[in-house]
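Read-outs throughout are calculated quantities, based only on the coordinates presented, and are distinct from any laboratory measurement. Because the structure is a prediction, the values reported are computed rather than measured.
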Amino acid sequence: MSNPQIPAGGGANLGHILEQAQRMQAALFNAQQELAETRVTGSAGGELVVATVNGGGELVDLVIEPAAVDPDDTETLADLVLAAVRDATTNAHRLAAEKMSAATGGLGGALGGLGGLGGGLGAGAPAPGALPGGGTLGGLGIPGLG
């Protein structure tokens, strides 16, 4: 008995789908590579504190201007550091979402079940084959996509 959801001659369609999936895999890999090499900054206190993260959201540099350092008020400095890191991480999330959306042709949002394409980024670089934020295109059975 045939499946009414699969049109006759579905083998040709399956080949086309697999070809598209392979192109998407290559685009995702390229986007991941670009993100791993990208540096994104965030600041607080009028740039008294500037944090730099990589495209995966990992803190890679922190610059604190001497004017931000008051030995009697370390709480304000801590708040500035946290705000700068959050700003940089937010900017990295935005960049990652844009790159992943471009790589998938916008499928990340339209097919939310494909997993985490716009999700939160972890503190470290993504594992090989994983998308930043831990999302994968799991279930497609494509090597390297989780």
(request) Multiply the residue gap between ALA102 and LEU82 by 0.36 nm, knock off their C-alpha separation, and tell me the result in nm, one decimal place. (result) 4.2 nm
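Looking at segment 40-103 from every direction and averaging, what is the projected area of its Cα convex hull in nm²?
For segment 40-103, averaging the hull's shadow over all directions gives 4.0 nm².
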